[in-house]
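K.L.:
This is the structure, below, for whatever I ask next.
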C-alpha cells in the first residue's frame, strides 16, 4: 500500500500540472508550456499508471513467498525515485541530459521488473496469460523512446519518423500495457470466485480482445 500511495501522489501531481496547463489561456505562468506538458505526460504514464500496475501485478500474480523479496523493494523504490527525478527534470529543462538519463534508467528498471515477474509468477492463474502479453507490449513500447533518442541525435527531430516513434510508444502503452491489464484484473477475480475459468478460456478471451 505504501507504493500505491506514492502512485496516488504522482496522480495528484499530474492533476495539478494539468490544471496549471489549462490556466495558460488566462494567466501568465513561470514555466514554458512544453516543460509542463512533458512532466505531466511522463509522470502520468510512469508514476501514476505504471507504478500502480507494478504494485497490483506483485499483489495478484507473483507467488506470495516472493512478493516481499528485496529485489522487488529495490525495483519499486528505484521506480519511485526515478519518476521523481523525471518529474523535476522535465519541469526544469524539458528534454535534456537529466530528464533523458532518468527516463532511460526507468526503462532499464522496467526490464528488470518484467524479467523478475516472469520468473516469479503464480503459474496457476490463467489470467496471467493477459498479464504476460501486457508485459510483452510494455517492453515492446520502449523501442519508441530509444528510437526517439537515436532520431534526435541524427537530426530527425520533428520529422514523420520522429512522430512515428512517439506514436509507436503510445500505441503499445495504451492498447497493450494498460488496456490488457484491465481485463486481466477482471479475470483474476473471476478465477478466485469461479475456479472453472481455465487458461484455455483465458486464451480464447485474449484472441477475442485481439
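K.L.:
Would segment 85-97 turn up any residue that is touching a residue at least 12 places away in the same chain (Cβ under 8 Å) and not in a helix (DSSP H, G or I)?
P.N.:
yes
K.L.:
Output yes when any residue across segment 26-38 is assigned by TED's automatic domain parsing to the domain that holds residue 103, assigned to a helix (DSSP H, G or I), more than 17 Å from the chain's Cα centre (by Cα) and farther than 21 Å from residue 94 by Cβ, and no when none is.
P.N.:
No, every residue in segment 26-38 fails to be assigned by TED's automatic domain parsing to the domain that holds residue 103, assigned to a helix (DSSP H, G or I), more than 17 Å from the chain's Cα centre (by Cα) and farther than 21 Å from residue 94 by Cβ.
K.L.:
If a residue must be in a helix (DSSP H, G or I), touching a helix residue (DSSP H, G or I) at 6+ places or on another chain (Cβ under 8 Å) and either surrounded by fewer than 18 Cβ atoms within 10 Å (Cβ to Cβ) or assigned by TED's automatic domain parsing to the domain that holds residue 54 (or both), how many such residues does segment 146-157 contain?
P.N.:
Within segment 146-157, the first condition is being in a helix (DSSP H, G or I), and the residues that meet it are 146-153.
Subset that is touching a helix residue (DSSP H, G or I) at 6+ places or on another chain (Cβ under 8 Å): 146-149, 151-152.
This time we only want the ones that are either surrounded by fewer than 18 Cβ atoms within 10 Å (Cβ to Cβ) or assigned by TED's automatic domain parsing to the domain that holds residue 54 (or both), so: 146, 149, 152.
The number of residues fulfilling the criteria is 3.
K.L.:
Also: From the list 112, 131, 148, which one is farther than 17 Å from residue 48 by Cα, over 12 Å from the mean Cα position of the chain (by Cα) and at pLDDT 95 or above? Please lay out each step first, then the result.
P.N.:
On the way: 131 fails: at pLDDT 95 or above; 148 fails: at pLDDT 95 or above.
Answer to the check: 112.
K.L.:
A further question follows. Residue 83 - would you say it is buried (at least 19 other Cβ atoms within 10 Å of the Cβ) and touching a strand residue (DSSP E or B) at 6+ places or on another chain (Cβ under 7 Å)?
P.N.:
So residue 83 does not fit the description; no.
The values are calculated or read from the model by the stated rules, or taken from the named source; none is laboratory data. Being a predicted model, the structure only gives us computed values, none of them experimental. In this analysis, Cβ positions are derived from the backbone assuming ideal geometry, glycine residues included, and neighbour counts consider all displayed protein chains.
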